Structures are given as C-alpha cells and as structure tokens.
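S.K.: Sending over a structure as structure tokens; questions will come in a sec.
The values are calculated or read from the model by the stated rules, or taken from the named source; none is laboratory data. What you see is a predicted model; the values in this text were computed from it and never measured. Note that each Cβ is placed from the backbone with ideal geometry, even for glycine, and that neighbours are counted across all protein chains shown. These area figures cover heavy atoms from the full protein model, side chains too; ligands, DNA and RNA do not enter into them. Shrake-Rupley method; radii C 1.70, N 1.55, O 1.52, S 1.80 Å.
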Amino acid sequence: MNARHTSAETDFLRQRLAASDIADVGARVLAGERLQMEDGQRLFATPDLPLVGMLANVVRERLHGDLAYFNRNQHVNATNVCEASCMFCSFSRLKTGDAAAYTMQLDEALGRIRALRDELVTEVHIVNGLNPDLPFAYYTDLLSAIRRERPDLHIKAFTAVEIHYFANKYHKTHAEVLNELRAAGLGSLPGGGAEIFAPRVRRKICDDKSDADAWLEVHRTAHRLGLRSNCTMLFGMIETTDDRLDHMLKLRELQDETGGFQTFIPLKFHNENNRLNGLYEASPLEVLRTYAVARLMLDNIAHLKAYWPMLGVTVAQAALDWGVDDLDGTVREERIYHMAGAETPQALSRADLIALIRDAGRVPVERDTLYHIVAEVS
Ligand code: SF4
C-alpha cells in the first residue's frame, strides 16, 4: 500500500498548520487523537480550506494508502409508491395509480438482474418507497427470487426507514423483520434514510417517517445480528454545520458500540422536482470540506464513499484527495437522484471507474460489498 503522503509533505503540512488557526486541531489529527465537536466546528470555520483537505488526506492515506475502491453493482428500485412525503424527495409518488407511480412485478425486477448477467455485477442495491399496498411476502419473494437467479450476487437492501416501516406495518420487531429478510437472501443494509438526525430539521423535511432514534436502533439491531451496514447523511439543505457534526458524532457513538458500519456516504442534496427547489445546492468546495471533516471526525468508520451520481463525476474524483477512498460502483439504473436533477450518467463502466481513479493518481481496487478484494487493477 503506497501512500503519496511523504515525510516531506508532512513537514510542509506542519509548517502550514503552525501558521493557521487550527494548529492544535491538526496536531491532534497527526497524533491520531480523536476530535471533538469543537474541533469539527473549527474545521468547518477555518478559512484555510486546503489545509482541512490535507489533514483528511493524511488520515485517508494512513488507512488506505493510495488504494481507491469501487464495485460493480446494480440498483433496483422495486416501487416508488411511498406514503411518506419527504420534502427533498423527487422519486416517490404518494399512491398507486398516481402519474409515474410504479411497482415492479417479480419478473420485471428479475429481468433487470438477468440483463446484467454478463457484466459480472457482484451486488444488487435495492431501496424503495414505503408502499402501503404490498404484503411483506412481496419483499421476501423478491429476495428469494434474486437469490435463486443469482446465488453469487450480494443483496444489499432496504434502508433502516423501510425496515422500521415493515416492523410497524406487519407487526414484527426489527429483529424479526431482519431475520426473515436475511433468511430470504438479505446480505447487508444500505445506509439511506438517515438524512439529518437533528429533530428540528427532520421535523421540517421528513416528519412522517422514522426518526433518528429508530434509524439508529435498526442499525444497532442489524449489527447485533451480524449484518454489516452503511450510513449516510443528506446535506446542503436547511441544516447547519453543527447539525452535520451532531449527525457524524451520533454515528461515531453507535460505531463505538457495535463496529458494524462499513462506510459513511455524505449525500449532496439536489434541488429539482421536489419541494425544496428554492434552495441553492452546496458548492463543490462546500462538498469537499464536508467530506474532509467527515474523514477527520469519523475515526472509527473505515471507508468514506463519494457517491458519484450525486456529486458529479468530477467532484467525486477530486474527493479522492479529500478523505475519500471509495467511488461506489457502476450503479446500473440509478433513478433516485436523476429524478432530482442529477446530470451525471446513469451508469459508469468498470473501465470508466478505473480511468477516473488512475487519473487521480490512485490505485483502483475492485471490491465486493463487504470490502473483500475482487481484483487489484495495477
Ligand atoms: S425519501 Fe424515501 S421515505 Fe421519503 S418520500 Fe422519498 S421514498 Fe418515501
């Protein structure tokens, strides 16, 4: 694992730190000490933004050297019917029968899996709306059918918000829902639905779905059952930087307890086709600072992922120098953020991802969902 961060660069970094307003914070990073809320506040406030990025890069290279991970994955959104009404959501439709509402039949979902049989996809990522018209068997049948069709495929499915909804709707505990889904083929949980944990913000943007405590409790239960999961944060809406830090610290606290999170994925809000379309989107520099601060605050989550469909390919590539070590994957058939105005392609090829990573001076590594190495591409 080669790292570009040489001792000469460290000398340069120390000199720059000494002249900055975050010298003590930087010293703690270089010493490998845990940062606190006030440190995060100062990282968000300092005018020396490149220095924040350099510190995040030190941590990134300490953990991963020059390696940059990606996978070959496919998205399936089986239904966009959702009885919640999150203000930032461009994907959902309230009722079956509404314009553009859809619910896939099993054959349709399987057809999408079959279509990519030759592309050596290793993961299917499934997230959906909270559809009040479906029985629980719809989901277990979906997983079982995918498992029969492609036993080699890892199924990463259902946000904690969906799991909590299933528990309430079908009168089960979180553990019962997770165990039944696992028996049908569930391999791990994605990190969606976390949005921003701060109750003040959540009340305004998504007050009719599970709260932060429920989201965290689902992941706690999943980890205790031996399932790994990811975690996210939707940012760039009406939250403050303190809200972002509070969100990161709550994830860090749960990770201290369970160790079950694999990767943190900050997701940039997109403002088209939803009820927050009067808001400006976060600028690329704001995005990079948020990623860097996340890398510095979340000292116990191994990976930081730039989800390129939301960030844009260029910013995601640049983020490899701002703490990020993972570009997600080929992401066949992304719908959720393209319906919110994302202008990125709907998929990248394996060759595209390798070229992006190499252009950034990093070493591409194809991984599976659980970060086992599929192929090092040197
Ligand atoms: S974000 Fe999820 S829960 Fe909220 S409206 Fe959209 S699909 Fe439904």
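S.K.: In debye, nearest 20, what is the charge dipole magnitude of the range 1-137 about its Cα centre with +1 on Lys and Arg Cβ and -1 on Asp and Glu Cβ, if you could check?
M.R.: 140 debye
S.K.: Provide Cys89, Cys231 ordered by accessible surface of protein heavy atoms (probe 1.4 Å), highest first.
M.R.: Cys89, Cys231
S.K.: If you don't mind, another one. Round to a whole angstrom and tell me the spacing of the C-alpha centers of the range 166-187 and the range 279-318.
M.R.: Answer, in whole Å: 32.
S.K.: Please work out the Kirkwood hydrodynamic radius for the chain, using every pair of different C-alpha atoms, and report it in angstroms with one decimal place.
M.R.: 21.1 Å
S.K.: In the chain, which cysteines lack any other cysteine Cβ under 4.7 Å from their own?
M.R.: Cysteines of the chain left without a disulfide-compatible partner: Cys82, Cys231.
S.K.: Please compute the modelled spin-label separation between Asp208 and Ser283, points set 7 Å along Cα→Cβ, answer in nm with one decimal.
M.R.: If labels sit at Ser283 and Asp208, their model points lie 3.7 nm apart.
S.K.: Please list the three semi-axes, largest first and in whole Å, of the ellipsoid equivalent to the range 1-104, using sqrt of 5 times the eigenvalues of its alpha carbon gyration tensor.
M.R.: Square roots of five times the eigenvalues give 44, 20, 10 Å.
S.K.: Where Rh is the Kirkwood radius over the Cα pairs of the range 130-204, the temperature 20 °C and the viscosity 1.002 mPa s, what D in µm²/s does Stokes-Einstein return?
M.R.: 160 µm²/s
S.K.: May I pose another question? For a quick size check, give me the Cα extents of the range 201-263 along its three principal axes, largest first, whole Å.
M.R.: 35, 23, 15
S.K.: Let me ask another. Shape call for the range 55-150 from the C-alpha gyration tensor, a ≥ b ≥ c root eigenvalues: rounded (a/c under 1.5), prolate (a/b greater than b/c) or oblate?
M.R.: Cα axes put the range 55-150 in the oblate bin.
S.K.: Using helices alone, what [θ] at 222 nm do you get for the chain, with -39,500 (n - 2.57) per DSSP H run of 4 or more residues, divided over all residues and rounded to the nearest 500?
M.R.: The helix contribution divided over the chain gives -13000 deg cm²/dmol.
S.K.: With +1 on each Lys and Arg Cβ and -1 on each Asp and Glu Cβ, and nothing else charged, work out how big the dipole of the range 97-209 is about its Cα centre, in Debye to the nearest 20.
M.R.: 380 debye
S.K.: Leaving out ligands and nucleic acids, note down the accessible area per residue over the chain with a 1.4 angstrom probe, in whole Å².
M.R.: Normalised by residue count, the accessible surface of the chain is 39 Å².
S.K.: Roughly speaking, what is the stretch gain from Leu94 to Glu119, that is 0.36 nm per residue apart minus the C-alpha to C-alpha distance, in nm to one decimal?
M.R.: Here the answer is 5.6 nm.
S.K.: Another question about this same structure. So if R0 is 56 Å, what FRET efficiency would Leu49 and Asp141 give, r being the distance between their Cβ atoms, rounded to the nearest 0.05?
M.R.: Calculated value: 0.65.
S.K.: In nm, what is the difference between 0.36 nm times the number of residues separating Glu176 and Ile238 and their Cα-Cα distance?
M.R.: 18.8 nm
S.K.: First obtain the Kirkwood hydrodynamic radius of the range 242-299 from its Cα pairs, then insert it into the Stokes-Einstein equation at 4 °C and 1.567 mPa s, and state the resulting D in µm² per second as a whole number.
M.R.: This corresponds to a translational diffusion coefficient of 100 µm²/s.
S.K.: Could you give the dipole magnitude of the range 75-148 about its Cα centre, charging the beta-carbon of Lys and Arg +1 and that of Asp and Glu -1, in debye to the nearest 20?
M.R.: Roughly 80 debye, rounded to the nearest 20.
S.K.: Tell me the net charge near Glu123. Cut-off is 9 Å between Cβ atoms, Glu123 excluded, with +1 for each Lys or Arg and -1 for each Asp or Glu.
M.R.: +1
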